[in-house]
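Trainee: Pasting a structure here, questions to come.
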């Protein structure tokens, strides 16, 4: 664990403060598999590690590339995937936590897609690629075929239940007529969201749907040079892009109040993409944030993210 000079304290202006960066990874084995024949969960928080995590919307799934150095060979063996064998699917999961001092927040939960180590490297890096909802998307689900009218939120709820997801509805109340959706669960969720023009998001074990104009949460984080803003925001075609020290209160589809001398960048923005670059042993512990003033829609009224 290293010391990071963190400016501010999650939105509150204050003097510079030294804080300890912490990361923790939890591997969860499925189908009765055990570490050392005893436990289905392995918690790692004392080794050097780094992670790049992307949270976005639309059909794209949240993803994480995690590297851990110096893991036990037995644990590496248990988690290594054979990618050339299509039937070698254990559906193991990974959870990533990050924070400062002794306060950690859950940042990512996903299915392990690939996992392997480079034993020729003296640091023994173990690299994991994971995606949220990977197996839910790859698994065939019963087609949705309803005659007559049904509330869209009831279809979302049923699909979430099939994927063992907690369902959260943010003010969506829409009737659809004779809906037909085919494919995997996540494909059906995305198709329904596009049809009725709402936002759908699988984050860990939670499916959230929301109106275009509704943020996922009521809390608005204040971000300026005294509370973690790095450098200066830039205007792009979708809104604004800026960087900040890692802050667990900065979340996907939440509003953020940005203060900067950069022209036309200050104001309240809604976050539509987060890219985390975290190291507990190096110089990075930050987020690239993309935000817009309002969601755009295509010609059919479906939300584009």
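Trainee: Anyone know which of 261, 185, 68 comes out most mobile in the 10 Å Cα GNM of the chain?
Mentor: Residue with maximal mean-square fluctuation among 261, 185, 68: 261.
Trainee: For the chain, what is the percent of antiparallel DSSP beta bridges, rounded to the nearest 5?
Mentor: 90 percent
Trainee: While we're on this one: Across the range 206-261, how large is the tail of the calculated P(r) beyond 19 Å, expressed as a percent of all Cα pairs?
Mentor: 35 percent
Trainee: Another question about this same structure. Sort 230-236, 143-149 by packing, meaning the average of other beta carbons within 10 Å per residue, with the highest value first. Walk me through the intermediate numbers first.
Mentor: Values: 230-236: 13.9, 143-149: 11.4.
For the peptides 230-236, 143-149, the packing ranking is 230-236, 143-149.
Trainee: Which whole-number percentage describes the relative contact order of the chain, with Cα contacts under 8 Å and a sequence gap of 6 or more?
Mentor: 19 percent
Trainee: Can I ask one more? Kindly provide the pair-distance distribution of the chain built from C-alpha pairs, with 20 Å bins from 0 and whole-percent values in order of increasing distance.
Mentor: Taking all Cα pairs of the chain, the binned fractions are 31, 54, 15, 0 percent.
Trainee: Quick one: the Cα spread of the range 148-190 along its three principal axes, in angstroms, biggest first?
Mentor: Result, largest extent first: 26, 25, 14 Å.
Trainee: Given the options 98, 262, 215, state which has the largest fluctuation in a GNM of the chain using a 10 Å cut-off (strictly under) for Cα springs.
Mentor: Looking only at 98, 262, 215, the largest GNM fluctuation is found for 262.
Trainee: Take the range 113-241, drop everything but the C-alpha atoms, weight them equally and run the Debye formula without solvent; then report log10 I(q)/I(0) at 0.14, 0.16 Å⁻¹ to two decimals.
Mentor: So the normalised log intensities are -0.80, -0.90.
Trainee: Please compute the length gained on full extension between residue 293 and residue 167, using 0.36 nm multiplied by the number of residues separating them and subtracting their Cα-Cα distance.
Mentor: Details: separation 126, 0.36 × 126 = 45.36 nm, distance 2.63 nm.
Length gained between residue 293 and residue 167: 42.7 nm.
Trainee: Taking the chain as a Gaussian network, Cα atoms linked when under 10 Å apart, which of 184, 133, 57 shows the biggest mean-square fluctuation?
Mentor: 184
Trainee: Also, I was wondering about something else. Compare the peptides 241-247, 218-224 by average per-residue count of other Cβ atoms within 10 angstrom and give them in order, highest first.
Mentor: 241-247, 218-224
Trainee: Can I ask one more? Give me D for the range 167-305 in µm² s⁻¹, whole number, from Stokes-Einstein with Rh from the Kirkwood sum over alpha-carbon pairs, 37 °C and 0.692 mPa s.
Mentor: 199 µm²/s
Trainee: Percent of Cα-Cα pairs per 5 Å bin, from 0 to the last occupied bin, for the range 91-188, please list those.
Mentor: Distribution as computed: 3, 10, 15, 15, 15, 12, 9, 8, 5, 3, 2, 1, 0 percent.
Coordinate-derived values only; no laboratory data. This one's a predicted model, so the numbers in the text were calculated from it and none came from an experiment. No Cβ is skipped: glycine too gets one built from the backbone with ideal geometry, and neighbour counts run over all protein chains shown.
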